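Worksheet: one structure, shown below.
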(Lines give C-alpha, C1' and ligand atoms only; values in the text may rest on other atoms or scores of the structure.)
Protein backbone atom coordinates (compact mmCIF):
# COMPACT_ATOMS: atom_id res chain seq x y z
CA UNK A 1 0.00 0.00 0.00
CA UNK A 2 1.25 3.48 -0.82
CA UNK A 3 1.80 6.32 1.60
CA UNK A 4 2.12 9.79 0.10
CA UNK A 5 1.11 13.43 0.15
CA UNK A 6 -2.63 14.19 0.24
CA UNK A 7 -4.14 17.07 -1.75
CA UNK A 8 -1.26 18.16 -3.96
CA UNK A 9 -2.89 20.77 -6.18
CA UNK A 10 -5.79 23.21 -6.30
CA UNK A 11 -7.09 24.26 -9.70
CA UNK A 12 -9.28 27.38 -9.52
CA UNK A 13 -9.62 30.70 -11.29
CA UNK A 14 -8.87 34.08 -9.74
CA UNK A 15 -6.04 35.23 -7.49
CA UNK A 16 -8.34 35.77 -4.49
CA UNK A 17 -9.33 32.09 -4.23
CA UNK A 18 -7.00 30.70 -1.62
CA UNK A 19 -6.61 26.96 -1.09
CA UNK A 20 -5.21 25.22 1.95
CA UNK A 21 -4.46 21.53 2.33
CA UNK A 22 -4.60 19.59 5.55
CA UNK A 23 -3.86 15.89 5.78
CA UNK A 24 -2.61 13.16 8.02
CA UNK A 25 -2.00 9.55 7.13
CA UNK A 26 -1.97 6.74 9.64
CA UNK A 27 -0.80 3.21 9.13
CA UNK A 28 -3.14 1.37 6.76
CA UNK A 29 -4.21 4.58 4.94
CA UNK A 30 -3.51 5.52 1.32
CA UNK A 31 -3.17 8.83 -0.54
CA UNK A 32 -5.80 10.85 -2.39
CA UNK A 33 -5.28 13.97 -4.51
CA UNK A 34 -8.06 16.59 -4.70
CA UNK A 35 -8.51 19.09 -7.54
CA UNK A 36 -11.25 21.74 -7.34
CA UNK A 37 -12.40 23.37 -10.59
CA UNK A 38 -14.65 26.45 -10.66
CA UNK A 39 -15.28 29.47 -12.84
CA UNK A 40 -15.63 31.35 -9.56
CA UNK A 41 -16.35 30.34 -5.98
CA UNK A 42 -19.29 32.76 -5.70
CA UNK A 43 -22.97 31.95 -4.96
CA UNK A 44 -24.71 30.12 -7.80
CA UNK A 45 -21.49 28.83 -9.37
CA UNK A 46 -20.83 25.18 -10.16
CA UNK A 47 -17.90 23.42 -8.50
CA UNK A 48 -16.42 20.21 -9.91
CA UNK A 49 -14.24 18.11 -7.65
CA UNK A 50 -11.78 15.56 -9.04
CA UNK A 51 -10.08 12.96 -6.88
CA UNK A 52 -7.12 10.81 -7.92
CA UNK A 53 -6.42 7.65 -5.94
CA UNK A 54 -3.15 5.75 -5.89
CA UNK A 55 -5.01 2.53 -4.97
CA UNK A 56 -8.16 1.06 -6.57
CA UNK A 57 -11.24 2.11 -4.58
CA UNK A 58 -14.44 0.24 -3.80
CA UNK A 59 -16.18 3.52 -2.97
CA UNK A 60 -15.59 7.24 -2.50
CA UNK A 61 -17.75 9.72 -0.60
CA UNK A 62 -17.36 13.23 0.71
CA UNK A 63 -18.77 16.71 1.28
CA UNK A 64 -18.25 20.24 0.00
CA UNK A 65 -19.34 23.08 2.32
CA UNK A 66 -21.18 20.45 4.40
CA UNK A 67 -23.22 19.24 1.39
CA UNK A 68 -22.85 15.58 0.31
CA UNK A 69 -20.97 14.68 -2.87
CA UNK A 70 -21.85 11.85 -5.25
CA UNK A 71 -18.74 10.61 -7.06
CA UNK A 72 -18.60 8.96 -10.48
CA UNK A 73 -15.63 6.82 -11.47
CA UNK A 74 -13.90 7.65 -14.77
CA UNK A 75 -12.90 4.83 -17.06
CA UNK A 76 -9.10 4.57 -17.45
CA UNK A 77 -7.71 6.08 -20.63
CA UNK A 78 -5.33 3.12 -21.03
CA UNK A 79 -5.15 -0.40 -19.55
CA UNK A 80 -1.81 0.53 -17.96
CA UNK A 81 -3.16 3.62 -16.17
CA UNK A 82 -2.25 3.18 -12.52
CA UNK A 83 -4.22 5.86 -10.72
CA UNK A 84 -8.01 5.97 -10.52
CA UNK A 85 -9.96 9.17 -11.27
CA UNK A 86 -13.32 10.09 -9.72
CA UNK A 87 -15.36 13.30 -10.01
CA UNK A 88 -18.40 14.94 -8.42
CA UNK A 89 -20.47 18.07 -9.08
CA UNK A 90 -21.39 20.60 -6.41
CA UNK A 91 -22.06 24.32 -6.15
CA UNK A 92 -21.81 27.38 -3.95
CA UNK A 93 -25.35 27.91 -2.60
CA UNK A 94 -27.23 31.10 -3.49
CA UNK A 95 -27.41 32.10 0.18
CA UNK A 96 -23.74 31.33 0.87
CA UNK A 97 -21.74 34.06 2.63
CA UNK A 98 -18.05 34.87 2.10
CA UNK A 99 -15.80 32.63 4.14
CA UNK A 100 -14.10 29.26 4.06
CA UNK A 101 -15.52 26.11 2.48
CA UNK A 102 -14.10 22.67 3.05
CA UNK A 103 -13.88 19.62 0.78
CA UNK A 104 -13.57 16.32 2.65
CA UNK A 105 -13.33 12.94 0.92
CA UNK A 106 -13.08 9.41 2.28
CA UNK A 107 -12.45 6.32 0.18
CA UNK A 108 -12.28 2.62 0.90
CA UNK A 109 -9.60 0.86 -1.13
CA UNK A 110 -9.95 -2.61 -2.57
CA UNK A 111 -6.90 -3.53 -0.48
CA UNK A 112 -8.81 -2.67 2.69
CA UNK A 113 -6.93 0.58 3.26
CA UNK A 114 -8.80 3.75 4.14
CA UNK A 115 -8.08 6.83 2.00
CA UNK A 116 -8.92 10.41 2.92
CA UNK A 117 -8.12 14.05 2.10
CA UNK A 118 -9.26 17.52 3.15
CA UNK A 119 -8.96 20.83 1.30
CA UNK A 120 -10.18 24.31 2.23
CA UNK A 121 -11.05 27.12 -0.23
CA UNK A 122 -12.21 30.70 0.19
CA UNK A 123 -15.82 31.37 -0.88
CA UNK A 124 -16.73 34.75 -2.35
CA UNK A 125 -19.79 37.01 -2.07
CA UNK A 126 -22.22 38.01 -4.80
CA UNK A 127 -25.10 40.46 -5.22
CA UNK A 128 -28.16 39.67 -7.35
CA UNK A 129 -30.52 42.14 -9.08
CA UNK A 130 -34.27 42.51 -8.52
CA UNK A 131 -36.84 42.21 -11.33
CA UNK A 132 -40.55 43.13 -11.27
CA UNK A 133 -42.89 41.22 -13.60
CA UNK A 134 -46.61 41.09 -14.38
CA UNK A 135 -48.06 37.62 -15.00
CA UNK A 136 -51.52 36.08 -14.95
CA UNK A 137 -52.85 36.24 -11.36
CA UNK A 138 -53.42 32.46 -11.30
CA UNK A 139 -49.64 31.93 -11.45
CA UNK A 140 -49.04 34.10 -8.37
CA UNK A 141 -51.98 32.83 -6.32
CA UNK A 142 -53.09 29.55 -7.89
CA UNK A 143 -56.82 28.78 -7.76
CA UNK A 144 -57.85 26.09 -5.22
CA UNK A 145 -58.69 23.56 -7.94
CA UNK A 146 -55.02 23.29 -9.03
CA UNK A 147 -53.46 23.04 -5.57
CA UNK A 148 -53.55 19.24 -5.61
CA UNK A 149 -51.90 19.19 -9.05
CA UNK A 150 -49.14 21.54 -7.89
CA UNK A 151 -48.54 19.37 -4.81
CA UNK A 152 -48.27 16.21 -6.95
CA UNK A 153 -45.83 17.88 -9.30
CA UNK A 154 -43.66 19.12 -6.45
CA UNK A 155 -43.48 15.62 -4.99
CA UNK A 156 -42.60 14.19 -8.38
CA UNK A 157 -39.84 16.74 -8.96
CA UNK A 158 -38.47 16.17 -5.46
CA UNK A 159 -38.14 12.45 -6.27
CA UNK A 160 -36.42 13.23 -9.59
CA UNK A 161 -33.89 15.59 -8.02
CA UNK A 162 -33.15 13.08 -5.25
CA UNK A 163 -32.04 10.53 -7.87
CA UNK A 164 -28.33 9.89 -8.37
CA UNK A 165 -27.70 8.00 -11.61
CA UNK A 166 -24.37 6.41 -12.40
CA UNK A 167 -23.71 7.71 -15.92
CA UNK A 168 -20.45 8.35 -17.81
CA UNK A 169 -18.79 11.49 -16.36
CA UNK A 170 -19.02 14.49 -18.66
CA UNK A 171 -15.85 15.27 -20.59
CA UNK A 172 -16.75 18.30 -22.73
CA UNK A 173 -18.50 21.65 -22.18
CA UNK A 174 -22.26 22.08 -22.49
CA UNK A 175 -23.81 23.72 -25.55
CA UNK A 176 -26.37 26.53 -25.20
CA UNK A 177 -29.76 24.91 -26.03
CA UNK A 178 -30.75 27.82 -28.31
CA UNK A 179 -28.65 30.66 -29.78
CA UNK A 180 -28.77 34.18 -28.38
CA UNK A 181 -27.85 36.21 -25.32
CA UNK A 182 -29.81 35.74 -22.07
CA UNK A 183 -32.57 38.26 -21.39
CA UNK A 184 -32.45 37.64 -17.63
CA UNK A 185 -29.77 36.83 -15.09
CA UNK A 186 -29.58 33.77 -12.91
CA UNK A 187 -30.46 34.42 -9.26
CA UNK A 188 -32.53 37.55 -9.98
CA UNK A 189 -34.85 38.28 -7.06
CA UNK A 190 -38.27 38.32 -8.73
CA UNK A 191 -41.36 40.23 -7.66
CA UNK A 192 -44.46 38.94 -9.46
CA UNK A 193 -47.48 41.26 -9.43
CA UNK A 194 -45.97 42.90 -6.35
CA UNK A 195 -45.41 39.59 -4.52
CA UNK A 196 -41.77 38.57 -3.73
CA UNK A 197 -40.84 35.11 -5.06
CA UNK A 198 -37.83 32.82 -4.92
CA UNK A 199 -34.75 33.85 -6.94
CA UNK A 200 -34.86 32.95 -10.63
CA UNK A 201 -33.37 29.41 -10.78
CA UNK A 202 -32.06 29.73 -14.35
CA UNK A 203 -31.80 32.10 -17.27
CA UNK A 204 -34.23 33.15 -20.01
CA UNK A 205 -33.04 32.82 -23.60
CA UNK A 206 -34.80 34.61 -26.47
CA UNK A 207 -36.56 32.09 -28.69
CA UNK A 208 -39.47 32.66 -31.02
CA UNK A 209 -42.30 30.14 -30.91
CA UNK A 210 -41.12 26.93 -32.59
CA UNK A 211 -37.35 27.45 -32.19
CA UNK A 212 -35.55 24.06 -31.94
CA UNK A 213 -34.32 23.39 -28.39
CA UNK A 214 -31.32 21.06 -28.14
CA UNK A 215 -29.80 19.01 -25.33
CA UNK A 216 -26.92 20.92 -23.77
CA UNK A 217 -25.06 17.70 -22.91
CA UNK A 218 -25.66 13.93 -23.06
CA UNK A 219 -27.93 12.35 -20.49
CA UNK A 220 -31.13 10.50 -19.63
CA UNK A 221 -34.57 12.14 -19.91
CA UNK A 222 -35.95 12.34 -16.36
CA UNK A 223 -39.07 14.42 -17.10
CA UNK A 224 -40.87 15.12 -20.38
CA UNK A 225 -44.33 16.44 -19.53
CA UNK A 226 -46.45 19.52 -18.91
CA UNK A 227 -46.17 21.13 -15.47
CA UNK A 228 -48.33 23.89 -14.01
CA UNK A 229 -45.66 26.56 -13.55
CA UNK A 230 -43.07 25.68 -16.20
CA UNK A 231 -45.44 24.45 -18.90
CA UNK A 232 -44.15 21.75 -21.25
CA UNK A 233 -40.86 20.83 -19.63
CA UNK A 234 -37.91 18.53 -20.24
CA UNK A 235 -35.48 17.70 -17.42
CA UNK A 236 -32.26 16.00 -18.44
CA UNK A 237 -30.28 13.92 -15.94
CA UNK A 238 -26.52 14.07 -16.64
CA UNK A 239 -25.54 11.70 -13.84
CA UNK A 240 -24.25 12.16 -10.33
CA UNK A 241 -27.07 14.56 -9.39
CA UNK A 242 -26.51 17.12 -12.18
CA UNK A 243 -29.68 18.15 -14.08
CA UNK A 244 -30.61 20.70 -16.74
CA UNK A 245 -34.13 22.07 -17.24
CA UNK A 246 -35.79 23.24 -20.48
CA UNK A 247 -39.14 24.93 -19.80
CA UNK A 248 -42.12 26.64 -21.52
CA UNK A 249 -41.82 24.47 -24.63
CA UNK A 250 -44.57 24.40 -27.26
CA UNK A 251 -43.71 20.80 -28.19
CA UNK A 252 -41.75 17.93 -26.61
CA UNK A 253 -39.98 15.50 -28.96
CA UNK A 254 -38.43 13.07 -26.44
CA UNK A 255 -39.77 10.43 -24.05
CA UNK A 256 -38.86 9.81 -20.44
CA UNK A 257 -35.93 7.45 -19.79
CA UNK A 258 -34.65 7.88 -23.36
CA UNK A 259 -30.93 8.61 -23.81
CA UNK A 260 -30.05 11.80 -25.72
CA UNK A 261 -26.74 13.01 -27.04
CA UNK A 262 -25.30 16.51 -26.86
CA UNK A 263 -27.08 18.66 -29.47
CA UNK A 264 -30.04 16.30 -29.95
CA UNK A 265 -33.47 17.89 -30.44
CA UNK A 266 -35.60 17.97 -27.27
CA UNK A 267 -38.55 19.98 -28.59
CA UNK A 268 -39.63 23.44 -29.72
CA UNK A 269 -39.71 26.65 -27.70
CA UNK A 270 -42.99 28.24 -26.73
CA UNK A 271 -44.93 30.16 -24.10
CA UNK A 272 -46.57 27.49 -21.94
CA UNK A 273 -46.85 27.81 -18.14
CA UNK A 274 -46.05 30.99 -16.16
CA UNK A 275 -44.61 33.28 -18.85
CA UNK A 276 -44.96 36.79 -20.25
CA UNK A 277 -44.14 35.66 -23.81
CA UNK A 278 -42.28 33.04 -25.89
CA UNK A 279 -38.78 32.18 -24.67
CA UNK A 280 -36.77 29.28 -23.27
CA UNK A 281 -36.10 28.97 -19.57
CA UNK A 282 -32.83 27.07 -19.17
CA UNK A 283 -31.92 25.93 -15.68
CA UNK A 284 -29.38 23.67 -13.99
CA UNK A 285 -29.39 21.98 -10.60
CA UNK A 286 -27.26 19.81 -8.37
CA UNK A 287 -30.00 17.80 -6.75
CA UNK A 288 -32.67 20.41 -5.99
CA UNK A 289 -30.17 23.27 -5.59
CA UNK A 290 -30.04 25.70 -8.58
CA UNK A 291 -26.88 26.96 -10.25
CA UNK A 292 -26.16 29.28 -13.15
CA UNK A 293 -26.34 27.04 -16.26
CA UNK A 294 -24.02 29.37 -18.20
CA UNK A 295 -21.05 28.19 -16.13
CA UNK A 296 -21.48 24.66 -17.51
CA UNK A 297 -20.48 26.00 -20.94
CA UNK A 298 -17.10 27.06 -19.53
CA UNK A 299 -14.25 24.65 -20.46
CA UNK A 300 -12.75 25.13 -16.98
CA UNK A 301 -14.78 22.18 -15.70
CA UNK A 302 -13.56 19.68 -18.31
CA UNK A 303 -9.77 19.41 -18.03
CA UNK A 304 -7.48 17.03 -19.80
CA UNK A 305 -6.63 14.19 -17.46
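Can residue 205 be described as in the same structural domain as residue 289 (by TED's automatic domain parsing), touching a residue at least 12 places away in the same chain (Cβ under 8 Å) and either buried (at least 18 other Cβ atoms within 10 Å of the Cβ) or more than 16 Å from the chain's Cα centre (by Cα) (or both)? When the stated conditions are applied, residue 205 passes them. None of 165, 190, 149 is exposed (fewer than 13 other Cβ atoms within 10 Å of the Cβ) and not assigned by TED's automatic domain parsing to the domain that holds residue 48 except 149. Here residue 275 fulfils each of the conditions (1) within 30 Å of residue 132 (Cβ to Cβ); (2) at pLDDT 95 or above; (3) in a loop (DSSP other than H, G, I, E, B) apart from (2). A Cβ distance below 7 Å, combined with a sequence gap of six or more or placement on separate chains, defines the contacts here; from the stretch 69-80, residues that are surrounded by fewer than 17 Cβ atoms within 10 Å (Cβ to Cβ) reach residues that are at pLDDT below 90 in the pairs 77/305.
Here is a check on your reading of the model: is residue 225 in contact (Cβ under 8 Å) with a residue 40 or more places away in the chain, part of a strand (DSSP E or B), surrounded by fewer than 23 Cβ atoms within 10 Å (Cβ to Cβ) and outside the structural domain of residue 90 (by TED's automatic domain parsing)?
Taking the combined requirement at face value, the residue does not satisfy it.
The values are calculated or read from the model by the stated rules, or taken from the named source; none is laboratory data. Predicted model only: the values in this text are computed from it and were never measured. Neighbour counts run over all protein chains shown; Cβ positions are idealised from the backbone, glycine included.
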